[in-house]
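Working notes, structure below.
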Amino acid sequence: MSDSPLSPEGGDAMSRPRGPDRRWLALGAVLLATFMDLVDVTIMNVALPRIQRDLGAGYAAGQWTVSAYVLAYALLLITGGRLGDILGRRRVFLAGVAGFTLASLAAAAAVSPGMLIGARVAQGAFAGLMVPQALSVITVRFAPGRERALAFSLYGGLLGVAQVSGPLLGGMLVDHGLTEHGLLGLGWRAIFYVNLPVGLVALAGAARWMDDSRADPPPRLDPAGVLLIGAASLLATFPLIQGRELGRPGWSAALLACAVPVLAVFVRYERRRERLGADPLVPPALFRRRSFTAGLLLALALFAGVSACFITLTWGLQFGLGWSPLRVALVGLAWPAGVACTAQFTHRRGLRRARALVGAGTAVMAAGTAGLVAVTAGAGRGLTAWPLTPWLFACGLGMGLALPILANAVIADVPEQSAGAASGVFNSVTQFAGVLGVAAAGLLFFGAGPTSAATTPGPDAAPRALAFCAAAFLLAAALSPLLPRRLLPDRPDPPEGAAGAPDGRRVTLFNTGQASPGRSR
């Protein structure tokens, strides 16, 4: 497929005067919105105690401010990706960013727990429309090779930085050490108000520079598939999020077990639609690509370990040892510092050594987490910041090796007409991995009983939960040999008008008022 789309008038956009390469500017806007969403997931962990106190929320209501977002997000990720394929990725992305920004304003203005929970549901739903378009834009607008590798490296680096930036930003915005009531006296509301300028900048940038794209002819939406995958997502995530808080009642295990047959029905239904020539919500052919399936399993283990690691450190240091949110966040800076040291090397070497870099990076993360286990177990309640720093830095070094190339390795072989569906599946897996990691960490840290503000874990709680993280990273390293050894080399554009996919379906790029730039030469 040529990256030089036909203009609506039928002329070749490349024949007109070329301006700046707007693809990178559009990618910047998309990544900014994605970063806003990813940070919003983790920043709540730091602000939650202040929110509960100020709104008079009980522990269950406080947990629902986190859970409601995750559930709405997980329910719409796959559907949001497919809607981008059908309606146009620019259109769906703009709707998602606008809705997310308005929902953030509503959350900042909340005066009751119910109002805040409702705003968080809206945030998660609009994020489910917004986030899947990022990988789709990369797959469609950047040719295989170094351009796409750089775009994926930026996305992968963003994932790593966002995972560790939430607690830091939360500490800076909320901590009473900055002002009497946090930043500008806003307290916890600052974590939502900060989304307003970020969202507006992302919205303006995407409206100005992002060309629309969708499959041509566009696939039809699969309503039954949407209902089935939504039900499976809800059955899998709800018990993991709320089961421990409610003391692991029998119905939570039953709901989790029901997710398996519902998912099996979904898979069978999608295969039937594929055989009949209809458009499935998630094309089963995606899972016949080893790089995609193995990459999803690896991402599941990796992101479960990362989420479990950070929530464990937040619980252990902030609640267990009484550290301030800002102190916890500053110690965590060692992780993104490590990412910064190796991410550029991964970008340069990733095309030829994708499998080796992911395997080495996840192994280094396992070693770093094992060091955290030893430090927290040895120091107990006398733990200080300095023994943690080198091991957190080592984890960051490993993430910088693995994460920038992972999304590229998973998505690289996906046909462009399925880019939205593949992006939705990838993001759904990473989101479910976060839920799974937090659930596993909670079980190991607090035990099987319900958690309350009075819960006091023992000194061995953090080492137990961190050991799960080390095991998850080791599993990711063991799966890395299933990834492609190297990614596709750069290749010239095929003739204009050539089909962009094996089945002849072409991806159409709709000009939005400017000449669409071609590939950099």
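The values are calculated or read from the model by the stated rules, or taken from the named source; none is laboratory data. This structure is a prediction, so every number in the text was calculated from the model and none was measured. We place every Cβ from the backbone using ideal geometry, glycine too, and count neighbours over all the protein chains shown. Remember, those area values only see protein heavy atoms, side chains included, never the ligands or the DNA or RNA. Shrake-Rupley method; radii C 1.70, N 1.55, O 1.52, S 1.80 Å.
Residue pairs whose Cβ atoms lie under 8 Å apart, sitting 6 or more positions apart in sequence or on different chains, and linking a residue in region 472-484 that is polar (S, T, N, Q) to a partner that is assigned to a helix (DSSP H, G or I), are 480/298; 480/355; 480/358; 480/359; 480/362.
Taking the conditions exactly as written (in contact with a Leu (Cβ under 7 Å, 6 or more places away or on another chain), modelled with pLDDT of 85 or more, over 26 Å from residue 232 (Cα atoms) and not β-branched (Val, Ile, Thr)), does residue 105 satisfy them or not?
Judged against the criteria, residue 105 is a match.
The residue that is modelled with the lowest pLDDT, counting only those in region 236-270 that are of a type in the set (Lys, Arg) and farther than 18 Å from residue 71 by Cβ, is 248.
Just checking, does region 331-351 include any residue being open to solvent by less than 50 Å² (accessible area, probe 1.4 Å) and over 19 Å from residue 400 (Cα atoms)? Within region 331-351, none of the residues are open to solvent by less than 50 Å² (accessible area, probe 1.4 Å) and over 19 Å from residue 400 (Cα atoms).
The residue that is farthest from residue 329 (Cα to Cα), counting only those in region 370-420 that are outside any helix (DSSP H, G or I) and open to solvent by less than 30 Å² (accessible area, probe 1.4 Å), is 415. Which residue out of 260, 265 is out of contact with any helix residue (DSSP H, G or I) (no Cβ under 7 Å at 6 or more places or on another chain), assigned to a helix (DSSP H, G or I) and either under 30 Å from residue 83 (Cα atoms) or among the basic types (Lys, Arg) (or both)? The conditions single out 260. Considering 277, 295, the condition of being over 20 Å from residue 227 (Cβ atoms) and part of a loop (DSSP other than H, G, I, E, B) is satisfied by 277 alone. Quickly run through region 88-117 and pick out the residues that are open to solvent by 20 Å² or more (accessible area, probe 1.4 Å) and either outside any helix (DSSP H, G or I) or touching a Lys or Arg at 6+ places or on another chain (Cβ under 7 Å) (or both). Passing the criteria: 109, 111, 112. Taken over region 69-80, the criterion of being open to solvent by less than 10 Å² (accessible area, probe 1.4 Å) and at pLDDT below 80 is satisfied by 77 alone.
Determine, yes or no, whether residue 352 is basic (Lys, Arg) and not in a loop (DSSP other than H, G, I, E, B). Here the answer is no, as residue 352 does not meet what is asked.
Residues that are at pLDDT 50 or above, within 23 Å of residue 360 (Cα to Cα), open to solvent by 60 Å² or more (accessible area, probe 1.4 Å) and not hydroxyl-bearing (Ser, Thr, Tyr) do occur in region 469-477.
With respect to residue 316, is the statement that it is in a helix (DSSP H, G or I) and open to solvent by less than 10 Å² (accessible area, probe 1.4 Å) true? It is false that residue 316 is in a helix (DSSP H, G or I) and open to solvent by less than 10 Å² (accessible area, probe 1.4 Å). Within the set 133, 123, the sole residue that is buried (at least 24 other Cβ atoms within 10 Å of the Cβ) and under 30 Å from residue 323 (Cβ atoms) turns out to be 123.
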